[in-house]
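The values are calculated or read from the model by the stated rules, or taken from the named source; none is laboratory data. As the structure is a computational prediction, the values presented were derived from the model and not from experiment. Here Cβ is always computed from backbone atoms with ideal geometry, including for glycine, and neighbour counts include all displayed protein chains.
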Amino acid sequence: MQKILILTAGFGNGHNAAAFGLRDGLEASSEDVQVEVLDLFKICYGKVNDWVTQVYLGMVGLMPRVWAEVYQVLDRTSILEKQMMHFTRLKSILEDILKSSDPDAVVSTHPAYNYVIEQIYKDHSKRPFSQMTVVTDSISVNSVWYASPSDYYFVPNRLTADIMIKAGVPMEKVLPFGFPVTPRFCELSGRNGSADRADGRKHIVYIINTGKKKAGRIIDQLLELPNIRLTITCGADPKLKGKMLARTEAVRDRVRVLGWTSQMPEILCSSDLVITKAGGAVIQEAIAARAPIIINQVIPGQEEGNAKLVEQLGIGAVAVDDDALLAAVHEALEDDGRLLSQWKQALESHSHPDAALQIAKFILHESESPEPRSGEKSAAIFSTRKIVTQPAAGYSEKRTLLCDFHTHTKYSDGKLTVPELVDFYGVRGFDCLCVTDHLAEKRRMVGKLSNLSNLTLPWGQIDEYFEVLEREKKRAWKKYDMILMTGLEFNKDGWSKKSSAHLLGLDLKTPVNPDHDLKTLIHLIHAQGGLAVASHPHEMKSVWGKNTLFLWENQDEFVPLLDAWEIANRDDIFNPVGLKRLPFLANSDFHKPKHIYSWKTLLSCEKHPEAIKQCIRRNRDISITLYREPVGEAVPRLREPWLSEMDLGGSHRDPAQSRTELEVA
């Protein structure tokens, strides 16, 4: 079993995109590999790191020229190497990780880690693992990427490789495999363009991440173009999404407005043209999707290289002025899209949607030991579970299962993506997890307001939601031996607590329209073998939130219909549910990492979805427990105490020490 450690940092999207794309490539390339992705800046410095990240994002967005000067200082001097020596906590923790987990290869998607590793092994004759670096910048590659040694550098294109070689990096160490986007781009390759589209319209994707005040005018003018369809992505900005929905109401047949989405591979691979800023991740994803690009913002520094890349490869244009942007779109589409076709043709030779798979194969080959490793250690940060490849089979023997049937992701009002939630619960040894994002009615005013808030799953993304969860079910079982169920929390909100109800639908196979009344919803959930559960049916005391008492006030009608009632939600225990002897469950109502420390359900049954549901229906061999992580063994498969709050942004050390170490830089 090969063990690969990937180190990343949240300073911009490119580092994390590369890290998780490579992780997916490694796991798709071999069943005999264990991969972990760690952001040690977040682990070590928690909220201080979050603050520094926001300062960085604010600087590059609001003071780009200031950031350009900082970027040049980093490029011309050894300041990063000197400053990393002051990050003693990060160095200490990384050293402990490397010693205890004994990885075969360490891959960095942020250059700072190479300096730390160099410090750790400066008195050693040889590192006991292969060290590799994924360079996420193009053309304008800062010297910090290669000033500290690495066995190999994976770069996104030949132009970048040539620049690094000219700078003195040995040619054999620079490998232009491409940017490791998720392998989903490889699966979707060939879908780009409108050749197979019945309506013949060109599909333009407008990613709004800058110039939000002017976006409306640009959209109006884009929609004046004949024969186009427009997808607008607003990210996690509910106000912007609401404005765009209102602005495009009259042309909804030609426009799709999205908030946060995990379906960018599908969106980009179905597009004919992408309008976006020159961010490293999105540019590389568009290239992988073979989607021509018009760049409407360039941050001085690393993004200048991305802009040059688009122009030098002949795969799009740079138009940072609004009028220039609209002129560039017109030019691309005129003469029946002649220029657009040229851009697409150029992309054919520069697109590498399989880069993550190619890099993964190289890493696995390079880090493979010629003989069995001696003194195999406990693999502290790596999975020690047996890999099982047949999730449908489950386990036939009866066992105690730790379960959470009420969790939320970024699809509604949660803080984690679906893959992040799976990893969060998986490393903690959970046996069953159900994702139940909020789904509000579309016809009632309260539901319409909820849908505009970005706090509920948009009905237009319901198919995407089911597709993502179906994909993650396989990964959850293969990597963590954990059953993942698809669920929904139906928000039937009225203007008062007694007219409001939240209903959980567990283990759903297909979407259910939320506009039905509660009894019909329960019938539709049961029709596909799912469970209908009353969510927080009584008064909540420990958290702020609107109480939902309709089901409780109408027990006579709903007790015969419901499979279970939440007897505990987060930190609340609803004693009346127990006094009524109703079938029960306990759930975290998870929205963010700290909610893990809450009530959970323990079942005694076979580890199989149908056995789990039958156990809940019978309501035998079921109990509740408060989830806690024992000191010294905080996360079941992250053994070290200092990793106990890895995902919580917390620290077991003096926060003043963490702050001081960061302020040095």
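Couple of notes before you dig in:
- Considered as a group, the residues in segment 1-28 that are free of Cβ contacts under 8 Å to residues at least 60 places away in the same chain and not charged (D, E, K, R) include one that is surrounded by the fewest Cβ atoms within 10 Å (Cβ to Cβ), and that residue is 1.
- For segment 1-44, the set of residues classified as more than 17 Å from residue 104 (Cα to Cα), of a type in the set (S, T, N, Q) and assigned to a helix (DSSP H, G or I) consists of 13, 16, listed by residue number.
- Taking (1) surrounded by fewer than 14 Cβ atoms within 10 Å (Cβ to Cβ); (2) more than 19 Å from residue 405 (Cβ to Cβ); (3) touching a residue at least 40 places away in the same chain (Cβ under 8 Å) in turn, residue 515 satisfies each apart from (1).
- Verdict on residue 550 being in contact (Cβ under 8 Å) with a residue 40 or more places away in the chain, touching a Leu at 6+ places or on another chain (Cβ under 7 Å) and farther than 16 Å from residue 407 by Cα: no
- Of residues in segment 598-622 being crowded, with 17+ Cβ neighbours inside 10 Å and closer than 19 Å to residue 573 by Cα, the one farthest from the chain's Cα centre (by Cα): 622
- Odd one out for residue 94, checked against (1) outside any loop (DSSP other than H, G, I, E, B); (2) farther than 20 Å from residue 3 by Cα; (3) modelled with pLDDT of 65 or more: (2)
Residues checked against (1) buried (at least 23 other Cβ atoms within 10 Å of the Cβ); (2) at pLDDT 90 or above; (3) under 23 Å from residue 167 (Cα atoms):
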site: 106; (1), (2), (3): yes, yes, no
site: 122; (1), (2), (3): no, no, no
site: 134; (1), (2), (3): yes, yes, yes
site: 144; (1), (2), (3): no, no, yes
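- Residues that are within 30 Å of the chain's Cα centre (by Cα) and of a type in the set (A, V, I, L, M) were ranked within segment 194-211; the one that is modelled with the lowest pLDDT is 208.
One line per residue, one yes/no per condition, for (1) in a loop (DSSP other than H, G, I, E, B); (2) not aliphatic (A, V, I, L, M):
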residue: 523; (1), (2): no, yes
residue: 526; (1), (2): no, yes
residue: 529; (1), (2): yes, yes
residue: 561; (1), (2): yes, no
residue: 567; (1), (2): no, no
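Each row is one residue, and each column tells you yes or no for (1) surrounded by fewer than 18 Cβ atoms within 10 Å (Cβ to Cβ); (2) closer than 12 Å to residue 206 by Cα; (3) touching a residue at least 60 places away in the same chain (Cβ under 8 Å).
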position: 232; (1), (2), (3): no, yes, no
position: 236; (1), (2), (3): yes, no, yes
position: 240; (1), (2), (3): no, no, no
position: 250; (1), (2), (3): yes, no, no
position: 253; (1), (2), (3): yes, no, no
position: 265; (1), (2), (3): no, no, yes
position: 269; (1), (2), (3): no, no, yes
position: 276; (1), (2), (3): no, yes, yes
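- The residues of segment 455-502 that are over 20 Å from the mean Cα position of the chain (by Cα) and not small (Gly, Ala, Ser), listed by number, are 459, 481, 489, 490, 491, 492, 493, 495, 497, 498, 502.
- Filtered by the rule that a residue be buried (at least 21 other Cβ atoms within 10 Å of the Cβ) and free of Cβ contacts under 8 Å to residues at least 40 places away in the same chain, segment 147-164 gives 153, 155, 161, 164.
- If the condition is being surrounded by fewer than 23 Cβ atoms within 10 Å (Cβ to Cβ) and in contact (Cβ under 8 Å) with a residue 60 or more places away in the chain, then segment 283-298 contributes only 297.
- Restricting segment 467-513 to residues that are in a loop (DSSP other than H, G, I, E, B) and of a type in the set (Ser, Thr, Tyr), the residue that is farthest from residue 530 (Cα to Cα): 496
- Neighbours by Cβ (under 9 Å, 6+ apart or cross-chain): first from segment 604-620, outside the structural domain of residue 578 (by TED's automatic domain parsing); second assigned to a strand (DSSP E or B): none
- All of 309, 326 fail the test of being surrounded by fewer than 20 Cβ atoms within 10 Å (Cβ to Cβ) and either touching a Ser or Thr at 6+ places or on another chain (Cβ under 9 Å) or assigned to a helix (DSSP H, G or I) (or both), apart from 326.
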